[in-house]
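Rule-based calculations on the coordinates, nothing more; no lab input. Worth saying up front: this structure is predicted, and the values here are computed from it rather than measured. Here the Cβ positions follow ideal geometry from the backbone for every residue, glycine too, while neighbour counts run over all protein chains shown.
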Amino acid sequence: MERSLLQRIEAFLKESAMPPSVFGRAAVSDPRLVADLRGGREPGRRLICRAEHFMNTWRAEQRAGRAEPLGDRRARAARNAMGVGA
């Protein structure tokens, strides 16, 4: 049985430690994407392709060591200030 787009995104969010709004904004320019999918939004084929492409590209960049950390810049700045790391 094929997993839904939301299930694949949830797994990606856990893997990447990326906030849902950051994922939506980066993948499809919609920070409410994940919240809307959780609320029952049915994605179209174009949205599915864009989200899948983003996740696949991010994973390839991560494996190559070129992925920039995406997430809450304020939280990352606070961790860096405390010396905890990015």
How much net charge surrounds Arg38 when only other residues with a Cβ under 14 Å from its Cβ are counted (Lys, Arg +1; Asp, Glu -1)?
-1
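At R0 = 25 Å, how high is the FRET efficiency between Arg8 and Glu61 if r is their beta carbon distance? Nearest 0.05 is fine.
In this case the efficiency is close to 0.90.
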Non-local amide H neighbours of Met18 (under 5 Å, H modeled in plane, Pro and chain starts lacking H): which ones?
none
Any residue on another chain or 5+ positions along whose placed amide H is under 5 Å from the amide H of Asp30 is listed here as Arg25
How much length is gained if the chain between Ala26 and Arg38 is pulled fully straight, taking 0.36 nm per residue apart and subtracting their Cα-Cα distance, in nm to one decimal?
2.5 nm
